[in-house]
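Structure record follows, encoded as structure tokens.
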Amino acid sequence: MWLSAVVLMGAISACSPRIDTRGNAIHMEDVATLEAGVHTRDHVLNKLGSPSNSSAFGNDTWYYISERTETTAFFAPELIERQIVVIKFNEHGVVENIDTFDKESAELVEPTDRKTPTAGNSLGMIEQLLSNLGRFNKK
């Protein structure tokens, strides 16, 4: 009786979902206290911590990105929550704009199925075997 109860508990716990949190999950209350034209880069860094990413070109922009996914057994992970906070700074290091995005504001991007052509010859199996015959016996 006890053995079947243990096996049943193991089977039930194996199917319980696993929650994964990735990124820099910041509190939206902290973001709400930031004001454009008032706070500086250092203040944002002290309040929110290091950004997940920053812009490589152009305006100085910081991105705070986090998401939570739920995975059950062998199924693909399902997105539960996504939070993106974009903070743009002006040339003096003062907050210029703050934008927030969630999973509902995401847009689906369809990848193209086109292939990039490559230069060169397409050799068959016999051509490949014959072209390699003399290469291995050189001393």
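The values are calculated or read from the model by the stated rules, or taken from the named source; none is laboratory data. Remember, it's a predicted structure, so these values are computed and weren't measured experimentally. When we count neighbours, we look across all protein chains shown, and the Cβ atoms used for this are built from the backbone with ideal geometry, even at glycine.
General remarks:
- Residues located in region 40-54, provided they are farther than 18 Å from residue 105 by Cβ and either touching a Phe, Trp or Tyr at 6+ places or on another chain (Cβ under 7 Å) or assigned to a helix (DSSP H, G or I) (or both): 41, 42, 43, 44, 45, 46, 47, 48, 51, 54
- Taken over region 21-50, residues that are among the aliphatic types (A, V, I, L, M), out of contact with any Pro (no Cβ under 9 Å at 6 or more places or on another chain) and under 18 Å from residue 96 (Cβ atoms) amount to 6.
- Among the conditions (1) on the phi > 0 side of the Ramachandran plot; (2) not in a loop (DSSP other than H, G, I, E, B), residue 73 misses just one, which is (2).
- Every listed requirement among (1) modelled with pLDDT of 90 or more; (2) in contact with a strand residue (DSSP E or B) (Cβ under 9 Å, 6 or more places away or on another chain); (3) surrounded by 10 or more Cβ atoms within 10 Å (Cβ to Cβ) is met by residue 92 save one, (3).
- Scanning region 81-106 for residues that are free of Cβ contacts under 8 Å to residues at least 60 places away in the same chain, closer than 13 Å to residue 36 by Cα and either among the aliphatic types (A, V, I, L, M) or not in a strand (DSSP E or B) (or both) yields 86, 87, 90, 92, 93, 94.
Residues checked against (1) surrounded by 12 or more Cβ atoms within 10 Å (Cβ to Cβ); (2) assigned to a loop (DSSP other than H, G, I, E, B); (3) at pLDDT below 85:
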residue	(1), (2), (3)
56	no, yes, yes
66	yes, no, no
79	no, no, no
110	no, yes, no
